[in-house]
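The values are calculated or read from the model by the stated rules, or taken from the named source; none is laboratory data. Note that this is a predicted model, so its numbers are computed, not measured. Neighbour counts are summed over all protein chains in view; Cβ atoms, including those assigned to glycine, are modelled from backbone coordinates with ideal geometry.
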Amino acid sequence: MSNQKWETRPLEIWARAKELRANWQKSVDESASAETLILADGNTGDLDWSVGFCGVNVIEDNPLGAMLASKSDSFARKCRLASEVRGWGRELCGYVNNCWGSQFLGYQIDNSEFPYRDMSIPFPDPCDQHTKRGQQCMDLSPIPRWGGDWPMYLGEDDPLRDEALIDHKVYYMVNTIKQIEKSFGKEFDPQVIIDNIGIRPQLEEYGLRVSQLMTNIPTPISVKDLYSFYTMGTLTKVDPQETLDFWKSFVDELQWRVDNNIAAVGNERYRWMEAHPPAWHYLKYYRYMEQYGAVCVGSQYSHLMAGPVELKEDGTLGHRNIRPAPKDVKLRTIEDAIRFISTEARGHRFKDDEYFRYDAITDFAKAYHVDGAIMPLNRSGVGCTLTRKEQALRLNAIGVNTMHYENSQPGDRTDMDEHHFFDQLDSWMECQGFSKLVD
Amino acid sequence: MMIKAGIDVGLETIKIVILDDDNNIIVKTKTFSGGGKRKDTINQLWQKCLDESKIDATACHIVATGMGKYDVEFANRYITESLADATAGKHYLQGVESIVDIGANQVRVIPINDDGSIGQLAFSHKCGSGLGLLLSNIALRHELSYEEMSDLAKSAKGELKMNEGCIVFAELDMLEMQNKNMPQDEIIAAVINGVAVKICSVMNDKVKPSKQKTVLLGGLALNEALVNAIKLRSGIDFVIPEFPDYGTAIGAALLAE
Amino acid sequence: MDRFKKILDNRHKYAEDWKKRTSGKVIGYFDTYMPEELVYAAGMLPVRVLAEHEYDDLTDHQMYGNCYCTRDMLNLFLLGRYDYVDGVVHVETCQWLFNAFQTIINAKPELFEFYFFVPDAPDLKTSKDVMRSELTVFKTRLEELTGKTIQDEDIDKAIEIYNENRRLLRRIYELRRADNPVILGSEMMDILLASQIMDKAEMNEMLKEFIPLLEDREPFADCIRLMLIGSETYDSKLEKVIESLGANVVVDEFDNGSSYIWNEVIPQKDRLMAIGLRYLGRPHSALKDNAWRRRPERIFQLYEDFQADGVIIAKQIYCHPHGTDMYAVWKLLRERDITYHTFERDTTMPYSETKLRVEGLINMIKPGISRVYGWSSDECMKEGGNQ
């Protein structure tokens, strides 16, 4: 590599991550049987309570839709067409149209039969597409769908407002669990959730450490690599202790890399950030930018900046300052668990980006010593494009150069013009005075 | 003497400019891009330049730019259009603060920082791409030359409006007007005004161009009615060089070493 | 009829005059889930921000991918058309509308603003408590803005005025059920839109004068009866195209059409609860029809009640809530053998192309019908190339 400044080497944690992921996939495959219920969506907000049901497989449409777009453009297009001819709008999110298009086709990418869902629990609200999710499988056959709310308010802290909204959230979740028990005769075990809550602070601490270590120059990993790990224990369900062990090893390795100046990109000379999900079907732009010695250090999305992490006044990253849960509370029921983690309803991880935490984007840029930002403009999937233009303006105001590229949606490559995109990247970098270090 | 050549391979046309040591234009020529035979067209046009000017090809330093720049296989250097535009803008106007390039396919806005570096770029979005092609199609449909089109628009009252958000809808609106036998000059004016709004939209996207120190480049700058409409809407008193359509090619040539 | 149309066409002037006359404040809102009664009880005029297209070279600065309605809303604020507005309120509904609200308050930070959480799952047991809590906070914020306490009597009066308005508008709707209605779809839509920007007390008086006149009108001749559904509408241009072809829109299922007026506040001692329940119990929009699929059945019910012959689904481009609902609506219409046609609307509407579509639908309903110019065709043909 020309102009190499730092040593670079593969991550050792890769092997462990692959193993855990393979084990998870195997367990999903093995548990698939006539007795197993398939829960569509199931991304149940900030408390993954669906794991409290034994014999319930969760298949989320977002990662599935992204995977389809990434693995086979032609199959994803077939799926979207199957959705569109049935009336689903072409401006809908690609995740949704890919996943449910496969349902309408009746088969999956490997030609196996589509696993029809038994029930659906959408995760409402971060984006309207989430709110309306799961209606696709409900419309196909009359399966139960328990749509709920992500109650929230914007503006000043108001404990009274919190009370009603949190009560609503608790009711929705507890009621849904009861309904599942009643409808399917499944027993819910709150202890699994309580155990997960027990490891939550440690997991958040590890997550924060990863984010902090990536502020280092050179960054020990790029966000492209981070994306391979960050679903470990969440979307990729892993035993709680194994999850903790994995994240501890991950943090240790990153710390070692920072201590020894091991870089993600050996010739790092330009750090860029992005916003929200990248084009999952087109991650090669990360590598393309590395030809300029440019590394992506992530986004508010990848570093959970709009979740449990926030930037402190002294410029360091820390845990988000929210109303603490009562101390020494013994959690016994699912309601205890929900109330324990839901202490306030103010703000929202997507919707308040430009409202409640107006400066979060510029704080991020400062904390990560960012030179530029590449921000997608997605034609469909409202939640993936909202506020991008305003965020770019805010970054411009503090001297961070931004580039937008147009795409359909992170799970839909219809509008992606590869030639034009790379042309734009070249233009953008050249105008900032950079030429490629390697071809 | 080193001969500096700039070749701008655009979507619609290929422009070649050759400059002498003092940056005077020795040769300038252009032709349609030639569709699938673009490489051949470039080679033929370049050879024609050499033949007519009697310039020795080996004495030339050639910089290629434009969307099809890599089709200029004999170029010494490839640069992006934005850099070429910025260079041309600085050449034409001392203390230039922004360059606006209105081409067949793309609209670019290139602000120049106080230190001469390039600022926050803005490009037309997909739904606003191909404004020049839209005008060409409409000229063709009405059997008008660019100049005739411009003259017609200038005489119109300008009361009709068309969709300026999407080029496809814009064309649909234009067909609708034609279908209703609306006056030709009003239709042309509506199209030109709509295109001007879309161009202004790109100018307002990031950093608004300076009112006094903005250079206007690109083939569409030859359309007087369009330029007037943009000026009226934006209030910008553009500096327009003698050959705005060659602006990007000249910028490329200026970067030849 | 002309009075409503005139007010609608000059809505900014109407609001400015209202301000001068009353010295009250004007609150702009974006979605019909906004509890107008409370704003009215505070002595303010709630004005629906209606999209209206003007050449737009400004909103690319803040927006991408938005539906054109929300772009138009921001454009109008940036152009100063809503300079008389003292504040903006948005409720939890479509995200594009939220984006219009958000970009407007970013561009105009001096405006009073409030974000009101209306549950996306309106039929949960606790949804009513959320509404009540949000109304309580909203009431306090409005009182801070005006410096005046909103009394129970103010709320009672506002509820009565709003209920009366809904009743009067329902009366007109009922007239459309007749075999030969006395009102055109375009007229109904103009009245409905006017009601979203007018002082309801004033409008009620106008309606009381207008309805008897309407009832005495000569009924329109037999025609194709159409139902109009889809994304919210901000004008009556599509209805006029339909009328120009000898058909009439006899009913709609728009969020700001029939759904806006269909149910009343049922008064109770807990006034805020009463208001909250009205909004939770109204016919829901595509986005709020979340937990259950009730919209398709409601569409069918209206179709039957108003004896429509066919349905036009007019969806705004980039309108994702309706993009998610079309499957269920199509399915129901097909299953019940109802003739329908779907098309996407944009900020402007090419007449010939739209007419061709409507003619196609009419011919599906009654094969062989050739173009018949209807009641407002002349006006429609005069209006230029596009709208």
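A single entry from C:115, C:84 fulfils the requirement of being more than 9 Å from chain A (Cβ to nearest Cβ), touching a strand residue (DSSP E or B) at 6+ places or on another chain (Cβ under 9 Å) and either modelled with pLDDT under 95 or farther than 25 Å from residue A:162 by Cβ (or both): C:84. From the list C:32, C:59, C:22, the lone residue that is buried (at least 24 other Cβ atoms within 10 Å of the Cβ) and β-branched (Val, Ile, Thr) is C:59. Checking each residue in the stretch B:31-60 for being under 13 Å from residue B:9 (Cα atoms) and either surrounded by 14 or more Cβ atoms within 10 Å (Cβ to Cβ) or over 25 Å from the mean Cα position of the chain (by Cα) (or both) picks out B:31, B:33, B:34, B:38, B:39, B:41, B:42, B:43, B:45, B:46. Among the residues of the stretch A:392-426, those that are of a type in the set (S, T, N, Q) and surrounded by fewer than 23 Cβ atoms within 10 Å (Cβ to Cβ) comprise A:396, A:401, A:414, A:424. Quick check: is even one residue across the stretch C:340-363 hydrophobic (A, V, I, L, M, F, W, C), within 14 Å of chain A (Cβ to nearest Cβ) and in contact (Cβ under 8 Å) with a residue 60 or more places away in the chain? No.
Identification of helices (runs of 4 or more DSSP H) wholly contained in the stretch A:128-233 with 3 or more residues that are out of contact with any strand residue (DSSP E or B) (no Cβ under 8 Å at 6 or more places or on another chain) and more than 8 Å from chain C (Cβ to nearest Cβ) yields A:159-184, A:190-213, A:223-229. The set of residues in the stretch A:94-123 being out of contact with any His (no Cβ under 8 Å at 6 or more places or on another chain) and crowded, with 24+ Cβ neighbours inside 10 Å consists of A:94, A:95, A:96, A:97, A:98, A:99, A:100, A:101, A:102, A:117, A:121.
Counting just the residues of the stretch A:375-429 that are under 20 Å from the mean Cα position of the chain (by Cα) and among the small types (Gly, Ala, Ser), which one comes out farthest from the other protein chains (Cβ to nearest Cβ)? Among those residues, the one meeting the criterion is A:411.
Residue B:193 satisfies every condition listed in (1) under 21 Å from the mean Cα position of the chain (by Cα); (2) closer than 21 Å to residue C:350 by Cα; (3) away from every other protein chain (no Cβ under 11 Å) except (3). Quick check on the stretch B:71-78. Is at least one of its residues more than 30 Å from residue B:115 (Cα to Cα), of a type in the set (Val, Ile, Thr) and modelled with pLDDT under 95? Taking every residue of the stretch B:71-78 in turn, none turns out to be more than 30 Å from residue B:115 (Cα to Cα), of a type in the set (Val, Ile, Thr) and modelled with pLDDT under 95.
Any residue at all in the stretch C:365-385 that is farther than 26 Å from residue A:137 by Cβ, at pLDDT 90 or above and either not in a loop (DSSP other than H, G, I, E, B) or not hydroxyl-bearing (Ser, Thr, Tyr) (or both)? Yes - at least one qualifying residue is present in the stretch C:365-385. In the set (1) of a type outside the set (Lys, Arg); (2) away from every other protein chain (no Cβ under 14 Å); (3) within 30 Å of residue A:167 (Cα to Cα); (4) assigned to a helix (DSSP H, G or I), the condition left unmet by residue C:96 is number (2).
Could you tell me which residue of the stretch B:71-96 is farthest from residue B:108 (Cα to Cα), considering only residues that are polar (S, T, N, Q) and in contact with an Asp or Glu (Cβ under 8 Å, 6 or more places away or on another chain)?
Looking at the filtered set, the residue picked out is B:80.
Residue count for the stretch C:118-141 under the criterion of being over 24 Å from the mean Cα position of the chain (by Cα) and facing another protein chain (nearest Cβ under 7 Å): the result is 7. If you filter the stretch A:114-127 down to residues that are among the aromatic types (Phe, Trp, Tyr) and within 15 Å of residue A:58 (Cβ to Cβ), you find that the one that is farthest from the other protein chains (Cβ to nearest Cβ) is A:116. Filtering the stretch B:101-132 down to residues that are under 19 Å from residue B:215 (Cβ atoms), more than 12 Å from chain A (Cβ to nearest Cβ) and part of a loop (DSSP other than H, G, I, E, B), which residue is nearest to the chain's Cα centre (by Cα)? My answer is B:103.
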